[in-house]
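What follows is a set of notes on a single structure, which appears directly below.
The values are calculated or read from the model by the stated rules, or taken from the named source; none is laboratory data. It should be emphasised that the depicted structure is a prediction, and the values quoted were computed from it without experimental measurement. Ideal geometry is used to build each Cβ from the backbone, glycine not excepted, and the neighbour counts take in all protein chains shown. Surface accessibility is based on the protein's heavy atoms, side chains included, excluding ligands, DNA and RNA. Shrake-Rupley method; radii C 1.70, N 1.55, O 1.52, S 1.80 Å.
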Amino acid sequence: MTLALDRSTETPVTAVPTVAGAALRVPLVTGGDIGYANLDHAASAPCLDAVRSAVDEFLPWYASVHRGAGFASQVSTKLYERTRAVLRRFVDARSTDTVLFTRNTTDSFNLLAKALPRKTSVLVFDTEHHAALLPWRGPNVRRLQLPRTRLAAVSVVDEALAACPQGPRLVVVTGASNVTGELLPVAEIAAVARKHGARVALDGAQLAPHRRISLRELDVDYVALSGHKLYAPFGAGALIGRGDWLRAAEPYLAGGGATKLVTEEAVVWNSGPERHEAGSPNTVGVYALGVACEQLAANWDAVGEHETELLDRLRKGLAGLPGCAELRLFDAPVDRVGTVSFVVDGFDPGWLAAVLSAEYGIGVRDGAFCAHVATRRLIRETGGEGQQAVRVSLGLGSTAEHVDRLVLALRQIIARGARWEYTKTDGRWTPVGDPRELPPFCA
């Protein structure tokens, strides 16, 4: 048997990992087909080839975990539990930190929200992605307006914490903006939180696929991750962090696996991570997430160089387009991952995205990106009046040709419009009489 998850002793490959679908070709409404330019990694990243191979290798061994006596169950349990150590290394967690497997970042923060001690004061910037913005409800939650400088953002948190009542406090902050890709001053915010005795929960959904995360160096207490953004689209995520609040909380879900003993009169719940992992777990998804994290960790230098080159190319190209305005959280340039959102004066973002897809084979995102408050405000600050934008997000499946094709396509659309007619149906722009056929497995 060759299955193994812990490859930490192997020599790093230092190459850009490849993804499934790199050779995918898509049909055009104007005829023929073209290589797909996937510029929508921030929504869901493609599957790593290494992850697909690992899952294929594992599937014959897939079985129930924790309570199965069969050899395949032992294999599945070993890989499932070993992945906790892989994720702990991936985010440089403390040895005492708990690793909980969830569905995604949204699930992770909803779990954490239910585990907060009573009357915990929660501070969160209103520009957060909905996964980090919406789980916190009630009179003890305060939404802070993000100012236009990183220094001011730290000061806003400092002042808000000073005004909080005595008791447990939690600051929720994103690592990289879901809209603009800009990095927030997480370490500085964490330092202020420590001064006030508060904890920090980091939304790592957009940061983790692009940069190393160290819970120790950032001095944050929790981080939430999504496998579908980490090139492991098999439905698993994680919440990693301090275990005391989690151990004291009622189980997130009630069911098998979360229980130590059930009698006619009472239930004794598990105290470890299984306490919040009721039901049959997503063993395949968890294993895939661990493999993806190992692949990224072994190749960070190459991943960073690849993204930096493409991001510079993209932003220079967009800056040269007439009427194109990039959305930005901060006035001064800051470090960022490969995500850029923009509006083009006089053009509906949904229409632009439809034309890019149908006529040029380019996949981008349009809308408010599950960050409605942030997107609306940033559009207003560009002088626009709409509520939606176009988002381009780079990743391991992106190439220089994809970026160049996008910029050229936008230039042509701005100059002379579309070559096809489009109509808006149920809020989405689509080609009139679209001649493209879906693949047979969609039938």
Looking at ARG212, ARG216 in this structure, which one is assigned to a loop (DSSP other than H, G, I, E, B) and out of contact with any strand residue (DSSP E or B) (no Cβ under 9 Å at 6 or more places or on another chain)?
ARG212
Quick one: in the stretch 143-153, of everything that is in a loop (DSSP other than H, G, I, E, B) and free of Cβ contacts under 8 Å to residues at least 60 places away in the same chain, which residue is least open to solvent (accessible area, probe 1.4 Å)?
PRO147
Can you tell me which residue is least open to solvent (accessible area, probe 1.4 Å) among those in the stretch 194-214 that are touching a residue at least 40 places away in the same chain (Cβ under 8 Å) and among the basic types (Lys, Arg)?
ARG199
The condition from (1) touching a Gly at 6+ places or on another chain (Cβ under 8 Å); (2) free of Cβ contacts under 8 Å to residues at least 40 places away in the same chain that GLY350 misses is numbered (2)
Looking at ALA418, is it modelled with pLDDT of 95 or more, assigned to a loop (DSSP other than H, G, I, E, B), farther than 30 Å from VAL124 by Cβ and open to solvent by less than 60 Å² (accessible area, probe 1.4 Å)?
yes
Taking the stretch 327-367 and keeping residues of a type in the set (Gly, Ala, Ser), part of a loop (DSSP other than H, G, I, E, B) and surrounded by 21 or more Cβ atoms within 10 Å (Cβ to Cβ) leaves GLY338, GLY361
In the stretch 224-248, what residues are over 18 Å from the mean Cα position of the chain (by Cα) and either open to solvent by less than 10 Å² (accessible area, probe 1.4 Å) or under 22 Å from ARG212 (Cα atoms) (or both)?
ARG242, GLY243, LEU246
When you scan the stretch 391-409, how many residues do you find that are surrounded by fewer than 15 Cβ atoms within 10 Å (Cβ to Cβ) and in a loop (DSSP other than H, G, I, E, B)?
0
Regarding VAL156, is this residue assigned to a helix (DSSP H, G or I), on the phi < 0 side of the Ramachandran plot, open to solvent by 30 Å² or more (accessible area, probe 1.4 Å) and of a type in the set (Val, Ile, Thr)?
yes
In the stretch 112-131, how many residues are open to solvent by 30 Å² or more (accessible area, probe 1.4 Å) and over 21 Å from ARG376 (Cβ atoms)?
5
Can you tell me which residue within the stretch 249-283, out of those that are open to solvent by 50 Å² or more (accessible area, probe 1.4 Å) and β-branched (Val, Ile, Thr), is farthest from the chain's Cα centre (by Cα)?
THR263
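A quick yes/no check of all residues on (1) of a type outside the set (Val, Ile, Thr); (2) part of a strand (DSSP E or B); (3) more than 21 Å from PHE90 (Cα to Cα):
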| site | (1), (2), (3) |
| --- | --- |
| GLY256 | yes, no, yes |
| GLU264 | yes, no, yes |
| ARG275 | yes, no, yes |
| GLY290 | yes, no, no |
| GLU294 | yes, no, no |
| VAL303 | no, no, no |
| GLU307 | yes, no, no |
Filter the stretch 295-323 down to the residues that are out of contact with any Cys (no Cβ under 7 Å at 6 or more places or on another chain) and open to solvent by less than 30 Å² (accessible area, probe 1.4 Å) and list them by number.
LEU296, ASN299, TRP300, ALA302, VAL303, GLY304, GLU307, LEU310, LEU311, LEU314, GLY317, LEU321
Of the numbered conditions (1) touching a residue at least 24 places away in the same chain (Cβ under 8 Å); (2) part of a loop (DSSP other than H, G, I, E, B), PHE101 satisfies every one except a single condition; which is it?
(2)
Can you find even one residue in the stretch 425-437 that is within 19 Å of PRO27 (Cα to Cα), in contact with a helix residue (DSSP H, G or I) (Cβ under 9 Å, 6 or more places away or on another chain) and in a helix (DSSP H, G or I)?
no
For the list (1) buried (at least 23 other Cβ atoms within 10 Å of the Cβ); (2) without any contact (Cβ under 8 Å) to a residue 60 or more places away in the chain, I need the number of the one condition that LEU134 fails.
(1)
Given GLN388, GLN412, which one is more than 18 Å from VAL26 (Cα to Cα), open to solvent by 60 Å² or more (accessible area, probe 1.4 Å) and either in contact (Cβ under 8 Å) with a residue 12 or more places away in the chain or not hydroxyl-bearing (Ser, Thr, Tyr) (or both)?
GLN388
